[in-house]
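J.: Please find one structure pasted underneath; my questions will follow.
Derivation of every value follows stated rules applied to the coordinates shown; laboratory data play no part. It should be emphasised that the depicted structure is a prediction, and the values quoted were computed from it without experimental measurement. For neighbour counting, all protein chains shown are included, and Cβ atoms are generated from backbone atoms with ideal geometry for every residue, glycine included.
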There are 2 protein chains.
Amino acid sequence: MSLKLTILGCHSATPRTLAHTSSQFLELNKDCFLIDCGEGTQRQLRKYKIKFSRIKHVFISHLHGDHFFGLIGLISTFNLLNRDKELHVYGPTGLKEIILLQLKLSKSWLDFPLHFHELNSAESELILDNDKVEVHTIPLKHRIYTNGFLFKEKKQERKLNMSVISKLPEIEICDYQNLKSGKDFKSEDGSIIQNKELTLDPPKPISYAYCSDTAYSESILTLIENVDLLYHESTFLEEHSELAKKTKHSTALEAGKIALKAKVNKLLLGHYSSRYKNLNLFLEEANQVFNNSELAETGKQIEIDN
Amino acid sequence: MSLKLTILGCHSATPRTLAHTSSQFLELNKDCFLIDCGEGTQRQLRKYKIKFSRIKHVFISHLHGDHFFGLIGLISTFNLLNRDKELHVYGPTGLKEIILLQLKLSKSWLDFPLHFHELNSAESELILDNDKVEVHTIPLKHRIYTNGFLFKEKKQERKLNMSVISKLPEIEICDYQNLKSGKDFKSEDGSIIQNKELTLDPPKPISYAYCSDTAYSESILTLIENVDLLYHESTFLEEHSELAKKTKHSTALEAGKIALKAKVNKLLLGHYSSRYKNLNLFLEEANQVFNNSELAETGKQIEIDN
C-alpha cells in the first residue's frame, strides 16, 4: 500500500515564469491519476519524466482555466503519440463539449477511446471503483460548480502468517482463502483456531483528499475524516480573509482548521495567490492550528508507505 | 519604418521541454501583433518581457492546437490583469465559438471588449487597415482551413528636402502638403520645379509574410512577392518529402524555392518536426536554392530598419 504524489503545479490564476497552475500526478496502489490540468501540464509531465501512457484517469475539479486549460493539449498530444489505451475524464458538465468542439474543429479524430464522466451532483458520488482503489467526489463551495476528489485504497485481505500455518499440516492450501477473508479455522475434530492466530493485519489502506478550490466549508469534514493526506487550497492568508470570502477561497488558517477538525494525518497547502512572495507565511499560519502541515511546491514529491 | 520579430515558439505538433509551439510577436511601425498562440505562449511572453497590454491584435492561422491552444489562457489572463483595452482576434470560423464556450462555462465575464474577425474566404482579404499598416490573409493549402498573414507598412509621404526648399522663398508652408504627396511646384510666373528636386524618397515600407502551415503552393507567390521577410514553414526535410505531401506540410527545400520564386529578401524557416535533432540541416537544405535563409529559434529576434 503506497502513495506517491507529484506536484506539477500549485499556484492560482495564471501561469507565470516560476508558477505553474494546478495539476498533480497521483500514484496510489499502482494506479495513476492526473488531478486537474492547468495550461502547461503536459510540459510539466515531461519535465518530471512521467510517462504519458501511465495516465488512464483525469479528474478536473472545475472549469476555471487554471484547472483545465491544459487538458485539450494533453489529449491532442496523446493522439499524436499514437495512444491506443482508453482515457477516462471526470469533470463538470460542459467539459466534454469544450473538448469535443475543439477536436471537431481541428478535424482531429482520436485513435483511442475517450470516455467522459460528467459530474453535476451536489452530493458526493462514487465515480471510480476498481479492485484496488475507489474515488469519491467531494462537493466544494466555490464560485462555480466544483468537486474535490477522495482517493481511497481498498482494504486488502488479511495476510497469512506462514510461520504458524506451516507448522499445522491440517491447514491446506484450499483453506487459505477463508483465512485471508477473516474466517476462523475449523479442524476435522471440531476444534477451532482463531483467525488472528493464523493471519496478520493487512497494511492500512491509504487515503488522499484533494480539495481545490473552495471556501471554508465544514460540510466536507465527514468525507475527508482521518485521511492520510489532505490537500486543501489556501489561496490567501488571514490578512486577506475578506477577499477569501468574496472569491470563495480559503486562507491557510482555515485550511489548518479543516485539517484539525477532520483529524487528518498531514495537510498539504497550495493554490497560492501571486500577491505573496513568501510562501512560508502560509505554513506558519496553518501550523498555528495544525502542526503537521506542509507546502505544496512545484516538483515536490510526497510519499506514504504503510 | 522598422520591424522587430520575436520568435516565441517555432516547433510543430506538441510543446516539449525545449520546444515551444508556434507563436510570434511582431512589432511593425510601432503596431504590435501576436501571430499564432500555441499552448504556453503567455509564459513565453513573460519570459521575453513583452508587456501583455501591447497586444491589441491576435492572428490565428488555423485551428490545429499547436497554433491556438494558448489563446483561451491568454485571454483569461488579460481579464485577470484587469485589461480594459479592446482586443481583436482574427482566425478561422469556429474560433469564436471555442473561446466563448469556455468563458461562458467558467462564468468569466470579460471586462474588455473582445472582437472576433472570423475568416472563411478562400481568397486573400484585407483584414486590418489603419494609418500605418495593413494586413492581408494569405490562403494556404493545409489539411484544414488555414491562412498565412501579410503585414505591410503603408507607403509614407515624400520627405521635404529642406536644404533646397529653405533657399526658395516662393515655397511657403501651405505648399508643403502638395510636395509631400508628390506634386510638382508651380510658381506664380508659371515655371515648374519638379517634385523630385524638392523632396526625398520616404523610407521603403517593410513587409512581412507569415506562412504556416502549408503544402508547397505557388499560388501564394504573387501575394508575398518582394517581401522583406518571409516565414515559411519547413516541417520536414526532403528525405521525408512524401510525408510532407501526405500531411500537407513543406520541406526546407520547398520553402527555399518559394522564397526564390517570390524574390523575397530573407527567408525564415520554422515549424520543425520533432524527428530532427539537428536543425542546421533545414538551413543547409534551404540554402541550396535560396542563400539568405535563417532558422527561427525560440527567443530569436529579427530586426529590419529602412
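J.: Have a look at B:Phe185, B:Ser76, B:Leu5 and report the one farthest towards the positive end of the charge dipole of chain B, computed about the Cα centre with Cβ charges (Lys/Arg +1, Asp/Glu -1).
T.: With unit charges placed on the Cβ atoms, the residue in question is B:Ser76.
J.: Using the 7 Å Cα-to-Cβ label point, sort the distances from A:Lys96 to its equivalents in the other copies shortest first and give them in nm to one decimal.
T.: Spelled out, the distances from A:Lys96's label point are 2.8 nm.
J.: So how much slack lies between B:Lys196 and B:Glu125, counting 0.36 nm per residue of separation and subtracting their Cα-Cα distance, in nm? Display every interim value, and only then the final one.
T.: Numbers: separation 71, 0.36 × 71 = 25.56 nm, distance 3.42 nm.
Stretched fully, the B:Lys196-B:Glu125 segment lengthens by 22.1 nm.
J.: Going by amide H atoms built from the backbone, whose H comes under 5 Å of the H on B:Leu8, apart from near neighbours?
T.: B:Ser23, B:Gln24, B:Phe25, B:Gly299
J.: Sticking with this one: Using unit Cβ charges (K, R positive; D, E negative) and no other charged atoms, how large, in debye to the nearest 20, is the dipole of the stretch A:154-290 about its Cα centre? Spell out each step's value before the answer.
T.: Working: 19 positive and 20 negative charges, 54 e Å.
With only Lys, Arg, Asp and Glu charged at Cβ, the dipole is about 260 debye.
J.: I'd like the mean, over residues of A:99-111, of how many other protein chain beta carbons sit within 10 Å of each residue's own Cβ.
T.: Working: counts 0, 0, 5, 10, 1, 3, 12, 13, 5, 5, 0, 0, 0.
Mean number of neighbouring Cβ atoms from other chains: 4.
J.: In Å, the Kirkwood hydrodynamic radius of the protein assembly as shown over pairs of distinct alpha carbons?
T.: Details: mean 1/r = 0.0361 Å⁻¹.
Averaging 1/r across every pair of different Cα atoms and inverting gives 27.7 Å.
J.: Okay, moving on. Check cross-link reach from B:Lys141 to the aspartates and glutamates: straight Cα distance under 20 Å, and skip same-chain residues fewer than eight apart.
T.: B:Asp36, B:Asp66, B:Glu118, B:Glu123, B:Glu125, B:Asp213, B:Glu218, B:Glu225, B:Glu233, B:Glu238, B:Glu242, B:Glu254
J.: Considering the Cα positions of the stretch B:198-290, please state its Rg to one decimal place and its Dmax as a whole number of Å.
T.: Spelled out, the Cα radius of gyration and Dmax of the stretch B:198-290 are 14.5, 58 Å.
J.: Output the relative contact order of the stretch A:188-234, whole-number percent, from Cα pairs under 8 angstrom with separation of 6+ residues.
T.: On the way: 28 pairs, mean separation 19.9, N = 47.
With pairs under 8 Å counted, the relative contact order is 42 percent.
J.: Partner chain Cβ atoms within 10 Å, averaged over the residues of B:67-75 - can you pull that number for me?
T.: Details: counts 1, 4, 10, 5, 1, 7, 10, 3, 1.
Average neighbour count from other chains, rounded to a whole number: 5.
J.: Right, another one. Can you compute the FRET efficiency between A:Leu221 and B:Glu86 using 1/(1 + (r/R0)^6), with r the Cβ-Cβ distance and R0 = 41 Å? Round to the nearest 0.05.
T.: Details: r = 47 Å, r/R0 = 1.14.
With R0 = 41 Å, the Cβ-Cβ based efficiency is 0.30.
J.: Let's see if you can work this out: charge +1 on each Lys and Arg Cβ, -1 on each Asp and Glu Cβ, no other charges. What is the dipole magnitude of the protein assembly as shown about its Cα centre, in debye to the nearest 20? Mind dumping the intermediate values first?
T.: Working: 78 positive and 80 negative charges, 106 e Å.
For this selection, approximately 500 debye.
J.: I'm a student and want to see the number: the projected area of the Cα convex hull of chain B, averaged over all directions, in nm². Don't skip to the end; give the middle numbers.
T.: Details: hull surface 75.5 nm².
Averaged projected hull area, Cα only: 18.9 nm².
J.: If a/c stays under 1.5 just call it rounded; otherwise compare a/b with b/c (prolate if a/b is bigger, oblate if not). Do that for the stretch A:159-200, with a ≥ b ≥ c from the square roots of the Cα gyration tensor eigenvalues.
T.: It comes out rounded by the Cα gyration axes.
J.: I need the phi-derived Karplus couplings for the stretch A:251-258: 6.51 cos²θ - 1.76 cosθ + 1.60, θ = phi - 60°, integer Hz, Gly and Pro marked x.
T.: Values, residue by residue: 9, 4, 5, 5, 4, x, 5, 4 Hz.
J.: If we hang a label 7 Å off Cα along the beta carbon direction at A:Ser121, how far is it from the matching labels on the other copies, in nm, shortest first?
T.: 5.4
J.: Highest first, please rank the peptides A:241-248, A:58-65, A:89-96 by the mean number of other Cβ atoms sitting within 10 Å of their residues. Before the final figure, lay out the partial values.
T.: Values: A:241-248: 15.4, A:58-65: 24.6, A:89-96: 20.2.
So the peptides A:241-248, A:58-65, A:89-96, ranked by packing, come out A:58-65, A:89-96, A:241-248.
J.: Using mean Cβ contacts within 10 Å as the protection proxy, how do A:162-171, B:263-272 order, highest first?
T.: Numbers: A:162-171: 12.2, B:263-272: 22.9.
In descending order of packing, they fall as B:263-272, A:162-171.
J.: How high is the relative contact order of chain B, given as a whole-number percent (alpha carbon pairs under 8 Å, six or more residues apart)? Before the final figure, lay out the partial values.
T.: On the way: 686 pairs, mean separation 53.2, N = 306.
Relative contact order of chain B: 17 percent.
J.: To the nearest 20 debye, what is the magnitude of the charge dipole of chain B about its Cα centre, counting +1 on the Cβ of each Lys and Arg and -1 on the Cβ of each Asp and Glu? Mind showing how you got there, number by number?
T.: Values: 39 positive and 40 negative charges, 206 e Å.
In debye, rounded to 20, chain B gives about 980.
J.: Right, something else. Have a look at B:Ser61, B:Leu110, B:His249 and report the one farthest towards the positive end of the charge dipole of chain B, computed about the Cα centre with Cβ charges (Lys/Arg +1, Asp/Glu -1).
T.: Of the options given, the answer is B:Leu110.
J.: Taking each residue in B:35-46, count the Cβ atoms of any other chain within 10 Å of its Cβ, then average. What number comes out? Walk me through the numbers before you get to the answer.
T.: Numbers: counts 0, 0, 0, 1, 13, 7, 1, 5, 10, 1, 0, 6.
Per residue, the average neighbour count from other chains is 4.
J.: Also, quick follow-up: How large is ³J(HN,Hα), in whole Hz, for each residue of the stretch B:202-214 in order, when computed from phi with the Karplus curve 6.51 cos²θ - 1.76 cosθ + 1.60 and θ = phi - 60°, using x for Gly and Pro?
T.: x, x, 5, x, 9, 9, 9, 10, 10, 10, 8, 9, 7
J.: Taking the stretch B:2-38, which trypsin sites (Lys or Arg not before Pro) meet the DSSP loop condition and have no more than 16 other C-beta atoms within 10 Å?
T.: Counting only loop positions with at most 16 other Cβ atoms within 10 Å, the trypsin sites (Lys or Arg not before Pro) in the stretch B:2-38 are B:Lys30.
J.: Continuing with this model, one more query. Near B:Lys196, which aspartates and glutamates are there with a Cα under 13 Å away, not counting those fewer than 8 places off in the same chain?
T.: Within the straight-line limit of under 13 Å, B:Lys196 reaches these aspartates and glutamates: B:Glu157, B:Asp184.
J.: Check the straight Cα-Cα distances from B:Lys132 and name the lysines below 18 Å, setting aside those fewer than 8 residues away within the same chain.
T.: B:Lys4, B:Lys30, B:Lys56, B:Lys152, B:Lys154, B:Lys155, B:Lys159, B:Lys180, B:Lys204
J.: Where does the protein assembly as shown land at 222 nm, in deg cm²/dmol rounded to the nearest 500, when only DSSP H runs of n ≥ 4 count, each adding -39500 (n - 2.57), divided by all residues? Write down the numbers at each step before the final one.
T.: Numbers: 22 runs with 148 residues, N = 612.
Computed ellipticity for the protein assembly as shown at 222 nm equals -6000 deg cm²/dmol.
J.: Further question on the same structure: Would you work out if the stretch B:1-136 is rounded, prolate or oblate? Take a ≥ b ≥ c from the square roots of the eigenvalues of the alpha-carbon gyration tensor; rounded if a/c is under 1.5, else prolate when a/b is larger than b/c, oblate otherwise. Don't skip to the answer; put the middle values down first.
T.: Details: a/c = 1.18, a/b = 1.06, b/c = 1.12.
Taking the square roots of the gyration eigenvalues as a ≥ b ≥ c, the stretch B:1-136 is rounded.
J.: Can you work out ³J(HN,Hα) from phi for every residue in the stretch A:262-267, in order, using Karplus 6.51 cos²θ - 1.76 cosθ + 1.60 and θ = phi - 60°, giving whole Hz and x for Gly and Pro?
T.: Each residue of the stretch A:262-267 in turn: 8, 6, 7, 7, 9, 10 Hz.
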